[in-house]
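Colleague: Can you keep this structure in mind? I'll have questions shortly.
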Amino acid sequence: MKILVVEDEKGLAESITDYLSREGFVCEVANTFWQADEKISLYQYDCTIVDLTLPDGNGFDIIQTLKKIASATGIIIISARNTLEDKLKGLEIGSDDYMTKPFHLSELNARVKSLIRRRNFGGNNDMIWKDIRVNLPARKVFIKDIETTLSRKEYDLLLYFLSNIDVALTKESIAEHLWGDNMDSADSLDMVYSHIKNLRRKIVEKGGKDYIQSIYGIGYKFTAP
Amino acid sequence: MKLLEKASRIYLLASLLIYLAVGIAFFWIIKFMIYDEVESRLMVEKQDFETYVRTNDTWSNNSYFVENKIEVLPVFGKYKAEVVFTDTLINNRYEESADPFRQLTFYTLIGGAPYRVAIRKSMIESYKLIEAISAAMIAFLGLLLVSTFLFHRVLSGKLWKPFYDSLARIKDFDWTKNKPLETVRSEITEFNELGDVMEKMASKMQHDYRSLREFTENASHEIQTPLALINARVEQFIQSKDLGENHTYWIEEIYHAARRMSRLNQGLLLLAKIENQQFTEQEELDLSELALNKLKDFEDILQHKEIRLDLQSSGSFRKLMSPALADILLTNLINNAIRHNYTGGELRLESGTDYVRVSNTGNPLKSDPERLFERFKKESTGAESLGLGLAIVKQICDNCELRISYQYDAPIHSIKITG
């Protein structure tokens, strides 16, 4: 899986590529509009992450070119602009997702994976890890082939974990993933805690191992014990 | 009062006073001249009389005619030899009326004895003359007044037309749009100068508005990008296996501070954008329905805090406003009602045709309710609250011509938005 990261802030581009490389993606970086323009005309990417504000051009133009020459590529916009107009315009010209800076790398990772899954399999596949199997179209979860009923948020939480195996996730990023960023009260962290507790219980009940590992002060990690 | 009306009134009042003064002065001048004429004729007659008396040394009151009536009366005792003009009324011989006369009284010696002589002249003709002249004067002055008044009105209306046209365009001018202001050109230099100045100001306003808007957007970008970098670096850092408890504490603090700063930045930028009226798109929205839908986003937390929902609707509150602002308004109101609620409390959403009210149970306010909607007014010192939520709500209400009021009826706090 090849991913192109178009971002003028070098540090941020580096963080994104480091993070996604750990997940097994092959990443390339373009720091300027012209680099990006050159790369998309030379190579094929499965996914492109585009910053809208570039020193020598506009990210929207890159997306339009991409749509013309390689329509199969998934496009995720990352931008500091959080106006509704920008978001609508981004989706209108053919991007698949819009993330507002600052975002969580784990969230970006989850979205890249979900985008690639949708592009490649039309979402029609199972997500399997150890003894957990998730049937995506039916939103069903099987632990050791026994179906387990999860609430909507528990399901979302499990998918988020499965997209970020072996990664330390902050409580805040989980809360934001589940409820968006307008739920910023301390209560949402309590809710994360209770959802984690329930999910953990449901997996263990069906004979699975306790994959959710707490990291003191930070959050949780989904990993094989 | 309109300029034209004001000018007309002043003009009317001033010309009325001036014409009145002119009329009165004219009347007195004519009167003075007629008296002068009559008196000089009386003086001539007095000379004639004295010459007659001197040559004949006698006088007989035989003159029959009213005009030049001369009355000679003997005087007994002392008298003051003086010459006096007086106005007097004398009965008409034929009509039952008194006619005005001017009378010259003097003393003279006839045949060695003193006599008081009164020579009179009728003023009837003169008075008629004065009346006729006055009437003509009043008629002419009145006509002049009315005609100049009308002329003045029509002329001012014509002269000021470009001004009023330009005024209408200035009123319609919207600095958030790109269309420049164009005032009406006319022959009048002052209006053209005013137009030039207004156009210059308008284009400066548009320019400032644009640069401010660009600045807010750029500032947002410039600040959010390094914050995104901090966030990303922290996320990478926590992936390392050998973090001590101290390290995680520090990282947690850095992470928190960065997130807080980012939210603060976004909140302040939002306030600036609302203040600058950057949300120009308008739609007719049903705020009651939007609020109900918004509550669904908060289902989880309501359940978590065991907050009972109480929905009361007696009509839908329709309002023409920006959908983005309406969303922010309701999100912030509900968020506020949940944050300051306690576990097992209640959240009430009421709506009518012209209001939406969000009420919640909660502890009494520690600070002044008047300052509830100010920026950075926080009830709790918890780091999670930014103190911008209600300030944003207030700002949106101010911009969308909605009224907002707070009420506390223990233990229910309610915030009401009225259209």
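Colleague: I'd like the full set of residues that are open to solvent by less than 20 Å² (accessible area, probe 1.4 Å) and within 9 Å of another protein chain (Cβ to nearest Cβ), limited to the range B:325-334.
Modeller: Once the filter is applied, which keeps residues that are open to solvent by less than 20 Å² (accessible area, probe 1.4 Å) and within 9 Å of another protein chain (Cβ to nearest Cβ), the range B:325-334 yields only B:Thr331.
Colleague: Right, another one. Mind listing whichever residues of the range A:69-84 are open to solvent by less than 10 Å² (accessible area, probe 1.4 Å) and hydroxyl-bearing (Ser, Thr, Tyr)?
Modeller: A:Thr73, A:Ser79, listed by residue number.
Colleague: In the range B:83-101, is there at least one residue being among the acidic types (Asp, Glu) and either surrounded by 14 or more Cβ atoms within 10 Å (Cβ to Cβ) or part of a helix (DSSP H, G or I) (or both)?
Modeller: Looking for residues that are among the acidic types (Asp, Glu) and either surrounded by 14 or more Cβ atoms within 10 Å (Cβ to Cβ) or part of a helix (DSSP H, G or I) (or both), one finds at least one in the range B:83-101, hence yes.
Colleague: Is it fair to say A:Ser151 is within 12 Å of another protein chain (Cβ to nearest Cβ) and polar (S, T, N, Q)?
Modeller: Criteria met by A:Ser151.
Colleague: Any idea which of (1) in the same structural domain as B:Gly387 (by TED's automatic domain parsing); (2) among the basic types (Lys, Arg); (3) in contact with a helix residue (DSSP H, G or I) (Cβ under 8 Å, 6 or more places away or on another chain); (4) within 24 Å of A:Tyr193 (Cβ to Cβ) is the one B:Arg259 doesn't satisfy?
Modeller: (1)
Colleague: Here's something else I'd like to know. Among residues belonging to the range A:115-148 that are out of contact with any strand residue (DSSP E or B) (no Cβ under 9 Å at 6 or more places or on another chain) and in a helix (DSSP H, G or I), point out the one that is farthest from the other protein chains (Cβ to nearest Cβ).
Modeller: Of everything passing the filter in the range A:115-148, A:Phe121 is farthest from the other protein chains (Cβ to nearest Cβ).
Colleague: Name the residues in the range B:231-246 that are facing chain A (nearest Cβ under 7 Å) and touching a helix residue (DSSP H, G or I) at 6+ places or on another chain (Cβ under 7 Å), would you?
Modeller: B:Asn231, B:Ala232, B:Arg233, B:Glu235, B:Gln236, B:Ile238
Colleague: Restricting attention to the range A:85-117, which residues are free of Cβ contacts under 8 Å to residues at least 12 places away in the same chain and surrounded by 15 or more Cβ atoms within 10 Å (Cβ to Cβ)?
Modeller: Result: A:Lys87, A:Pro102.
Yes/no matrix, rows are residues, columns are (1) away from chain A (no Cβ under 14 Å); (2) closer than 28 Å to B:Leu271 by Cβ; (3) out of contact with any strand residue (DSSP E or B) (no Cβ under 9 Å at 6 or more places or on another chain):
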position: B:Glu289; (1), (2), (3): yes, yes, no
position: B:Lys296; (1), (2), (3): no, yes, yes
position: B:Leu309; (1), (2), (3): yes, no, no
position: B:Ile338; (1), (2), (3): no, yes, no
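Colleague: Considering only residues of the range B:24-38 that are exposed (fewer than 14 other Cβ atoms within 10 Å of the Cβ) and not aliphatic (A, V, I, L, M), which is nearest to the chain's Cα centre (by Cα)?
Modeller: B:Trp28
Colleague: Regarding the range A:166-173, can at least one residue be identified that is in a strand (DSSP E or B), in contact with a His (Cβ under 9 Å, 6 or more places away or on another chain) and under 26 Å from A:Leu189 (Cβ atoms)?
Modeller: Yes; the residues of the range A:166-173 include at least one that is in a strand (DSSP E or B), in contact with a His (Cβ under 9 Å, 6 or more places away or on another chain) and under 26 Å from A:Leu189 (Cβ atoms).
Colleague: Taking the condition within 14 Å of another protein chain (Cβ to nearest Cβ) and without any contact (Cβ under 8 Å) to a residue 24 or more places away in the chain, does B:Glu182 pass?
Modeller: no
Colleague: Follow-up question, since we're still on this one. So if I check each of B:Gly352, B:Gly387, B:Gly382, B:Gly419, which one is closer than 18 Å to B:Ala326 by Cα and at pLDDT below 85?
Modeller: None of the others qualify; the one that does is B:Gly419.
Every residue, every condition in (1) open to solvent by 40 Å² or more (accessible area, probe 1.4 Å); (2) within 23 Å of B:Ile18 (Cβ to Cβ), yes or no:
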| position | (1), (2) |
| --- | --- |
| B:Gly112 | yes, no |
| B:Arg120 | no, no |
| B:Ile124 | yes, no |
| B:Tyr127 | yes, no |
| B:Ile130 | no, yes |
| B:Ala139 | yes, yes |
| B:Gly142 | no, yes |
| B:Thr148 | yes, yes |
| B:Arg153 | yes, yes |
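Colleague: How many of the residues making up the range B:185-230 are open to solvent by 100 Å² or more (accessible area, probe 1.4 Å) and within 14 Å of chain A (Cβ to nearest Cβ)?
Modeller: 3
Colleague: Out of A:Glu23, A:Glu28, report the one residue that is within 14 Å of chain B (Cβ to nearest Cβ), touching a strand residue (DSSP E or B) at 6+ places or on another chain (Cβ under 9 Å) and open to solvent by 30 Å² or more (accessible area, probe 1.4 Å).
Modeller: Testing whether each residue is within 14 Å of chain B (Cβ to nearest Cβ), touching a strand residue (DSSP E or B) at 6+ places or on another chain (Cβ under 9 Å) and open to solvent by 30 Å² or more (accessible area, probe 1.4 Å) leaves just A:Glu23.
The values are calculated or read from the model by the stated rules, or taken from the named source; none is laboratory data. This one's a predicted model, so the numbers in the text were calculated from it and none came from an experiment. Please note: Cβ atoms are built from the backbone with ideal geometry, for glycine as well, and neighbour counts cover all protein chains shown. Note: accessible area is taken over every heavy atom of the protein model, side chains too, but ligands, DNA and RNA are not part of it. Shrake-Rupley method; radii C 1.70, N 1.55, O 1.52, S 1.80 Å.
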